[in-house]
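Below is one structure, written out as structure tokens; the observations come after it.
The values are calculated or read from the model by the stated rules, or taken from the named source; none is laboratory data. Every value quoted in this text rests on a predicted model; they were computed, and no experiment measured them. For neighbour counting, all protein chains shown are included, and Cβ atoms are generated from backbone atoms with ideal geometry for every residue, glycine included. For the accessible areas, the whole protein counts, side chains as well, though only heavy atoms, and no ligand, DNA or RNA atoms are used. Shrake-Rupley method; radii C 1.70, N 1.55, O 1.52, S 1.80 Å.
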Amino acid sequence: MPRRWITAVACLLALVALACEGGGEAGTRPTRSTPQPGGSGGIAALGDSISTGFGSCLVLTSCERNSWSTGDGLRVRSLYRRLLDRDPDVRERAYNHARPGARAA
């Protein structure tokens, strides 16, 4: 394989890795721990791949930072970020229990 193809593939893999890891974004990630009683609230999401931000990080995998409900990515105006703008006490109180392929019964 020519050297330029190896370089191109290496750059593409680095770009995908940065997209999946957040690429140095500032901000706090939503946590998956159990909510604490007596807090000022938060947000929780149940659902399927749409709620996990599936495919929004350049690869076909879940990308919870881009979730419309609990995402904290800088390019996403999620429900969590809107709540955070109104009440800073909800920081780190976003719970995303959605799974790709989930079915409602």
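Each residue in segment 47-61 was checked for being open to solvent by less than 60 Å² (accessible area, probe 1.4 Å), over 19 Å from L74 (Cα atoms) and without any contact (Cβ under 8 Å) to a residue 12 or more places away in the chain, and 0 of them qualify. With respect to (1) at pLDDT below 90; (2) not in a helix (DSSP H, G or I), the lone exception for R4 is condition (2). Considering the conditions (1) at pLDDT 90 or above; (2) in contact with a helix residue (DSSP H, G or I) (Cβ under 8 Å, 6 or more places away or on another chain), L46 is excluded by exactly one of them, (2).
Do we have any residue at all in segment 77-90 that's among the hydroxyl-bearing types (S, T, Y) and within 20 Å of G41 (Cα to Cα)?
At the first step, the residues of segment 77-90 found to be among the hydroxyl-bearing types (S, T, Y) are 78, 80.
Keeping just the survivors that are within 20 Å of G41 (Cα to Cα) gives 78, 80.
Yes, some residue in segment 77-90 is among the hydroxyl-bearing types (S, T, Y) and within 20 Å of G41 (Cα to Cα).
The residues on offer are R103, R77, and the sole one that is over 14 Å from G53 (Cα atoms), assigned to a loop (DSSP other than H, G, I, E, B) and not β-branched (V, I, T) is R103.
Here T31 meets each of (1) modelled with pLDDT under 90; (2) over 13 Å from R91 (Cβ atoms) with one exception, condition (2).
Residues in segment 70-80 that are at pLDDT 90 or above and surrounded by fewer than 17 Cβ atoms within 10 Å (Cβ to Cβ): R77, L79.
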